[in-house]
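*Asks:* Below you will find the structure I want to go over with you.
The values are calculated or read from the model by the stated rules, or taken from the named source; none is laboratory data. Predicted model, so just to flag it, every value in this text is computed and none were measured. Ideal geometry is used to build each Cβ from the backbone, glycine not excepted, and the neighbour counts take in all protein chains shown. Only protein heavy atoms, including side chains, enter the accessible area calculation; ligands, DNA and RNA are left aside. Shrake-Rupley method; radii C 1.70, N 1.55, O 1.52, S 1.80 Å.
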Amino acid sequence: MARKYIFLLALGIATTLSAQYYPTKSEWERKSPEDVKIDQSAIDDAVQFAQDNEYSGPKDLRIAILEGFSREPYHQLQGPTKERGGPAGMIIKDGYVIAEWGDIRRVDMTFSVTKSYLSTTAGLALDDGLIGSVKDKVNQYVWDDTFEGAHNSKITWEHLLHQTSDWSGALFGLYDWADRPARDGAIDDWRYRELKEPGTSYKYNDVRVNVLSYALLNVWRKPLPQVLKERIMDPIGASTTWRWYGYDNSWITLDGQHMQVVSGGGHHGGGVFINTEDHARFGLLFARKGIWNNDQLISAKWTEMVQTLATANESYGYMWWLNKGPRSWEGLPDHLFYAAGFGGNFIVVDQKKDLVIVTRWLEPSQIGEMVRKVYKGL
């Protein structure tokens with residue numbers, strides 16, 4: 001009797017999973033909010049709000065980047081940029097498109113949303129056994145001088161993913177201490193600061209994110225965009241228009257091949273350039289705990305691990321933001337997690353409600369209000 005119950009339970013779970021709708025590569029079914037039991041007026045209000053609250057920075061992103069990071073010593077563009085489009089976005093419920101606005105097929109920079117794509121290549125490396133554990137020290141895998149010394153040798157994969165490594169050094173001509181330095185002090189104060197024990201202090205820092213990218217390239221031994229394309233983007237039916245760039249000088253020779261270390265954002269240019277619809281597919285994969293149709297593209301365990309709180313910042317996971325701690329959005333569930341990038345680029349994921357919200361070029365301070373408007377209709 002017990003065996004029969006277990007079999008029927010497993011069959012029910014399998015049937016439920018297979019019954020979930022997934023878009024094909026060429027077609028994504030649209031439904032009205034009412035079709036999925038959501039209030040139409042609330043969704044209309046959220047969409048209008050997103051359109052009315054466009055990111056206030058320049059459309060010429062070269063100017064936006066240089067102005068945005070002008071206080072950083074030696075800051076300069078080292079990778080490609082692209083003039084941005086206008087506000088765009090999608091809302092996905094139960095796999096169906098229930099709202100869209102703007103040009104959802106326009107390819108744009110997405111800045112630090114790239115970090116969540118980079119994190120995904122780390123998850124795949126764990127799934128494949130290329131990395132044994134996020135608790136492993138990175139110098140067990142990367143044995144050049146990148147992780148040498150009393151401080152850097154303590155750094156684990158988890159420290160890099162949580163942005164709590166306080167890695168010290170320079171990569172591709174960029175100094176870790178010059179990235180978002182303290183508001184007070186000057187160059188000597190920043191350069192000769194006291195290093196924090198890895199894992200004890202959070203610092204959002206693109207140089208250290210790029211160190212993670214460099215380390216993962218050494219593990220995969222093939223370009224990370226190729227890994228992402230073959231394992232994630234092609235299987236979810238993403239377009240062929242997305243690109244992932246590094247810097248002009250971030251090329252290395254590995255196994256006799258010339259490969260680029262791609263950047264984890266657009267802080268100096270580069271990062272993932274992608275359209276809104278491809279973002280939505282990526283978000284849906286994480287809403288479905290790594291499953292696309294009946295294929296487990298990335299482990300469900302990893303989609304849980306990305307929500308692991310950083311000890312030094314409970315609003316941050318493995319390069320996904322969490323709706324907890326000091327950066328939480330008031331009035332919204334604490335199980336939400338999201339990718340976020342400069343200029344109001346967001347992928348918001350709710351696994352419990354099978355909901356994905358993507359915004360492009362929304363004034364960043366307005367994302368909480370926009371998401372609250374969506375939830376008013378649920």
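*Asks:* From (1) under 23 Å from the mean Cα position of the chain (by Cα); (2) assigned to a helix (DSSP H, G or I), pick out the condition that doesn't hold for Ser165.
*Replies:* (2)
*Asks:* Then there's this: I'd like the full set of residues that are polar (S, T, N, Q) and open to solvent by 10 Å² or more (accessible area, probe 1.4 Å), limited to region 339-378.
*Replies:* Listed by number, the residues that qualify are Gln351, Ser365, Gln366.
*Asks:* Follow-up question, since we're still on this one. If I ask for residues that are more than 30 Å from Asp354 (Cβ to Cβ), open to solvent by 20 Å² or more (accessible area, probe 1.4 Å) and in contact (Cβ under 8 Å) with a residue 24 or more places away in the chain, which ones from region 31-59 would you list?
*Replies:* Those that are more than 30 Å from Asp354 (Cβ to Cβ), open to solvent by 20 Å² or more (accessible area, probe 1.4 Å) and in contact (Cβ under 8 Å) with a residue 24 or more places away in the chain: Ser56, Lys59.
*Asks:* Could you grab me the full set of residues in region 172-189 that are over 20 Å from Thr146 (Cβ atoms), free of Cβ contacts under 8 Å to residues at least 60 places away in the same chain and outside any loop (DSSP other than H, G, I, E, B)?
*Replies:* Hits for region 172-189 are Asp188, Asp189.
*Asks:* Moving on to the next point. From (1) open to solvent by 40 Å² or more (accessible area, probe 1.4 Å); (2) not in a helix (DSSP H, G or I), pick out the condition that doesn't hold for Glu67.
*Replies:* Every listed condition holds for Glu67 apart from (2).
The rows are residues; the columns are (1) in a loop (DSSP other than H, G, I, E, B); (2) of a type outside the set (Lys, Arg); (3) over 19 Å from Gly341 (Cα atoms); (4) free of Cβ contacts under 8 Å to residues at least 40 places away in the same chain.
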position: Arg84; (1), (2), (3), (4): yes, no, no, no
position: Ile91; (1), (2), (3), (4): no, yes, no, no
position: Arg105; (1), (2), (3), (4): yes, no, no, no
position: Lys115; (1), (2), (3), (4): no, no, no, no
position: Leu118; (1), (2), (3), (4): no, yes, no, no
position: Val134; (1), (2), (3), (4): yes, yes, yes, no
position: Trp143; (1), (2), (3), (4): yes, yes, yes, yes
position: Gly149; (1), (2), (3), (4): yes, yes, yes, yes
